[in-house]
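The structure under discussion appears below in the form of structure tokens.
Here, each number is a calculation from the coordinates, and none is a lab measurement. Everything numeric here is computed off the predicted structure, so don't read it as measured data. Glycine also receives a Cβ, built like all others from the backbone with ideal geometry; neighbour counts cover every protein chain displayed.
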Amino acid sequence: MTSGIFDAYLRRLGVTAPAAPSAEGLFALQRAHLERVPYENIDIQLGRPPAIGPELSARRFADGRGGYCFHLNGAFAALLEHLGYEVTRHVGGVYEETGAQDVNGNHLALTVRVGGEAYLVDVGLGDGPYEPLPLREGEYEQGGFGYRLERLAGPLEGWSYYNPGSPFPLMNFRSAAAGMDEFEAEHLRLSTAEDSSFVRTLALLRRDAESIDLMRGRILTRIDPAKGPSDRELTGQEEFYEVIATVFGRELDDLTPADRTALWDRVSRAHEAWLTAQQG
């Protein structure tokens with residue numbers, strides 16, 4: 001990857017490249033990434049899932065797009081390495097229940113060692129920590145959100161990350177280092193299979209210091225631990241795209257009028273089916 005791509009990536013983040021790796025610089029980079037590069041699956045919803053090569057993802061981010069964990073953490077790992085950080089990629093797995101002791105491979109996790117300390121670094125969970133977590137067992141609080149890290153129970157060597165307020169409250173990852181090629185098959189499944197949540201439901205997330213913005217289909221939710229969640233139904237196509245552009249910072253210049261109509265129609269059909277199920 002050329003330095004020009006990394007420069008464009010950093011401009012998207014609004015961050016100047018640190019002179020040398022430091023914990024302070026790492027924290028600033030993660031905060032900026034979560035605020036400015038959304039977790040989103042618009043292209044998957046349109047039937048044209050982007051590949052997960054870090055260079056392609058970095059170019060997409062520089063152009064105002066986002067992605068999901070394989071894109072987000074994949075490109076961020078490459079950026080951090082370019083800046084001199086010691087980065088390790090890990091096969092991970094997110095779960096809807098907290099009892100899992102395996103690693104299903106549907107997540108790419110990162111750890112970074114700097115200043116003699118190892119950190120869990122993740123910009124690909126959507127609703128994960130705003131800043132890196134020390135890779136030590138314990139409970140952590142950031143902006144009213146609570147997290148916990150434990151050694152992975154069972155025969156696998158690894159870690160368990162708990163986020164009690166999340167729809168996916170558990171993420172396990174193996175300690176062993178992984179390469180990007182180990183995520184290709186799962187990316188294909190997640191981005192094309194009819195039963196994949198990425199194919200079934202439009203999702204966008206953005207994290208800041210005190211809250212999380214979440215859009216699932218036509219429901220926009222702001223999650224604030226101090227106030228509780230607040231929901232808003234998006235009732236028109238213009239409002240829908242305005243929210244994507246302003247709340248989530250996702251540029252829309254890659255979407256043709258036909259794309260916009262197709263996505264709105266797809267999301268609206270899913271929304272009506274959801275409403276029907278709720279009433280039943």
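Annotations for the structure displayed:
- Between Ala209 and Ser197, the modelled label-to-label distance comes to 2.9 nm, taking each label 7 Å out from Cα in the direction of the beta carbon.
- Cα-derived Rg over Rh, computed across the chain with Rh taken as Kirkwood radius: 0.95
- Across the options Thr201, Thr276, Pro229, the greatest Cα extent toward the positive end of the charge dipole of the range 200-280 (unit charges at beta carbon of Lys, Arg, Asp, Glu) belongs to Thr276.
- Modelled FRET efficiency - R0 35 Å, Thr261 with Ala153, Cβ distances, 0.05 increments: 0.10
- Ellipticity at 222 nm from helices only: DSSP H runs of n ≥ 4 in the chain, each -39500 (n - 2.57), divided by the residue count, give -10500 deg cm²/dmol.
- Order of Arg48, Arg65 under a 10 Å beta carbon neighbour criterion, fewest first: Arg48, Arg65
- A straight chain from Ala185 to Phe27 at 0.36 nm per residue would run longer than the Cα-Cα distance by 53.8 nm.
- Assigned charges on the beta-carbon of Lys, Arg, Asp, Glu; the chain dipole about Cα centre (debye): 180 debye
- Compared with the alpha-carbon gap, the fully stretched path from Asp63 to Asp102 is longer by 10.4 nm at 0.36 nm per residue.
- Distance in nm between pseudo-label sites at Ser230 and Leu252 (7 Å out along the Cβ direction from Cα): 2.2 nm
- Cα-based shape type of the range 196-279, given that a ≥ b ≥ c are square roots of the gyration tensor eigenvalues and the cut on a/c is 1.5: oblate
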